[in-house]
Amino acid sequence: MDQTHIDALRAQPVPPFLHLIDGKPVPASDSGTLDVLSPIDGQLLTTTANGTAADMDSAIASARAAFEDGRWAGQPPAARKKVLLKWADLIEANALELAVLGVRDNGTEIGMAIKAEPGSAAGTIRYYAEALDKVYGEIAPTAPDILGMIHKEPVGVVGAIIPWNFPLMIGAWKLGPALAMGNSVVLKPAETASLSLMRMAQLALEAGLPPGVLNAVTGEGKVVGEAMGLSMDVDVLVFTGSGGTGRRLMEYSARSNMKRVYLELGGKSPNIVFADAPDLAEAAKVAAGGIFRNSGQVCVAGSRLLVEASIHDEFVAEVAKATEAMRVGDPLRLDTAIGAVNSETQLRQNLGFVDMALSEGGRVVTGGSRVLEETGGYYMAPTIVTGVTPDASLAQKEVFGPVLGVTPFQTEEEAVRIANSTVYGLAGAAWTSNLSRAHRMVRKVRTGVMHINTYGGADGTVPLGGVGQSGNGADKSLHAIEKYINLKTAWIKL
Ligand code: NAD
């Protein structure tokens, strides 16, 4: 990957994107389109089909037909594996094209996007391709005159609603296990980051996925997302995004066919630094990266920094130094540490949180404002606010932007109490050289993921999911497969 290659790709015009239904590009039934503005400069990048409820229904009908005739589910596992491995290869072969397209659409810094997006998506698809012929049924320990078998069957049609922060990575977390288990999928990308995911879906067809097995419909969440949620013909709905939408999806399910709903929602993840941390300078650098990469638009972002009072001032100064060294700028430059915020709406929301924090007694140590406004793009300086009380808005509500709130604590018990004082429970970290304390923090802080002396690292072998209002049903790892299968009992009298 070099800058010249990236610059050449960014200069290419982006064609309009249509739905992908039954293996073909299809316009919206009323011919409507949505403008796609690039967060890099606020300019029109291209358009996508502005889907209608009828478009979603036809994508679901196509997926249902594909499932019922067994063109995918009925193939031998080795054949499905071959297609998925080929797809992963194609994603890798087109990695830079996919990453640049995605960055032009959502603003993530390219250095991160190339790894976290096509790199991670290809790895995820490959992981589930390799796993699919290692999922066995079971024989139950029944009475000797009975054969009790447990079959693992695909669920049928999976609806997947994807957010804008990491469309390929999060998309692959759903598509990999869903397709590996033989399901058909209807994909609904986010309005402000659909392009690279639509391109990745096209590559699946090029890899040999039969038409109709993966359909993708663009458009507004409240229109096509709602139609998917209310469909009587979607068996499982998987979602990453905001709590508000997650709540709606559960309502849609209750009002329609009671489809299973798996949610990965946001967080307010605590990064807890004790005075006995092994390396405070390292902890400070990682704390800054742990909140500010991708402009804080990361579901596991360490957005609450809890610092032992005895080292508070010194540690905050270190984090501020590390933060000020992160250059905000054009996300398609390899030397940019922090790219653009996804949309103007999101940027305004972030700035509103800073104002609210100030009105609640917080103090801005660095950042706090929009920058590079002359570019027309949506950029915000990474922002640290101190004096955030545990009940302040900045400590309780997910910003999903580059805003870090700092709260001091006196004791381990107080740190745990503050850490557990939100409705969320996605991720967290503790920095300490005390082994017992490290294990106590893993046990006592209520999250799906707890890091010790690091922040944010993981790979496809471990689950990622939340507790509380951060959601249910983790992505990644072999455990994710359970969401995409039904258990069926065969009870046979011998
Ligand atoms: P959102 O929940 O509105 O959007 C996520 C997806 O849901 C998009 O594809 C959207 O089109 C779809 N959607 C929206 N309304 C829908 C509806 N009524 N029915 C069905 N689908 C619908 O989130 P957003 O507005 O893009 O971002 C807002 C907040 O979401 C952020 O501030 C952040 O808190 C959270 N978020 C979290 C994650 C995460 O990784 N956990 C990712 C993105 C956003």
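No value in this document is a laboratory result; all are computed from the given coordinates. Predicted model, so just to flag it, every value in this text is computed and none were measured. We place every Cβ from the backbone using ideal geometry, glycine too, and count neighbours over all the protein chains shown.
Structure summary
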| quantity | calculated |
| --- | --- |
| Beta bridges by DSSP in the chain, antiparallel share as percent, to the nearest 5 | 45 |
| Residue-count net charge about K268 - beta-carbon cut-off 10 Å; Lys, Arg +1, Asp, Glu -1 | +1 |
| Relative packing of 156-169, 87-100, which averages over residues the other C-beta atoms within 10 Å, highest first | 156-169, 87-100 |
| Computed [θ] at 222 nm, deg cm²/dmol, the chain (DSSP H ≥ 4; -39,500 (n - 2.57); rounded to nearest 500) | -11000 deg cm²/dmol |
| Listed residue (V213, T240, M228) projecting farthest to the positive dipole end of segment 209-258, Cβ model | T240 |
| Whole-Hz couplings from phi, Karplus 6.51/-1.76/1.60, listed for segment 298-311; x for Gly and Pro | 9, 4, 8, 3, x, 8, 10, 9, 9, 10, 4, 4, 5, 10 |
| Above-threshold pairs, the threshold being 26 Å between Cα atoms, out of K82/K483; K115/K476; K134/K493; K86/K483; K24/K152; K188/K285 | K134/K493; K24/K152; K188/K285 |
| Cα-centred dipole magnitude for the chain, charges only on beta-carbon of K, R (+1) and D, E (-1), debye, nearest 20 | 1180 |
| Surrounding net charge for V406, when Lys and Arg each add one and Asp and Glu each subtract one, Cβ distance under 13 Å | -2 |
| Relative contact order for segment 270-458, counting Cα pairs under 8 Å that sit 6 or more residues apart, in percent | 28 |
| Cα centre as origin, Lys/Arg/Asp/Glu Cβ charges: segment 270-458 dipole, Debye | 520 |
| Three-way shape call for segment 25-134 based on the alpha-carbon gyration tensor, with the a/c threshold at 1.5 | oblate |
| Net length gained if the chain between Y136 and L435 were fully extended (0.36 nm per residue, minus Cα distance) | 103.8 nm |
| Mean Cβ neighbour count within 10 Å, used as a protection proxy, ranking 58-71, 172-185 highest first | 172-185, 58-71 |
| Segment 341-413 and segment 137-194: distance between their alpha carbon centers, rounded to Å | 37 |
| Mean-position separation - Cα centroids, segment 290-331 and segment 419-494, in angstrom | 24 |
| Candidate aspartates and glutamates - alpha carbon under 17 Å from K259, same-chain residues fewer than 8 apart omitted | D57, E153, E226, D233, D235, E251, E482 |
| Neighbour-count order for M198, M232, M56, fewest beta carbons within 10 angstrom listed first | M232, M198, M56 |
| Nearest-ten-degree value, helix 53-68 long axis tilted from longest Cα axis of the chain | 60 |
| Taking the C-alpha atoms of segment 270-458, convex hull volume expressed per residue in Å³ | 107 |
| Which of A317, S393, C299, positive extreme of dipole for segment 270-458 (C-beta unit charges) | C299 |
| Anisotropy class of the chain from Cα gyration tensor, a/c 1.5 cut | oblate |
| Tensor-based shape of segment 407-474 (alpha-carbon gyration tensor, a/c under 1.5 rounded, otherwise prolate or oblate) | oblate |
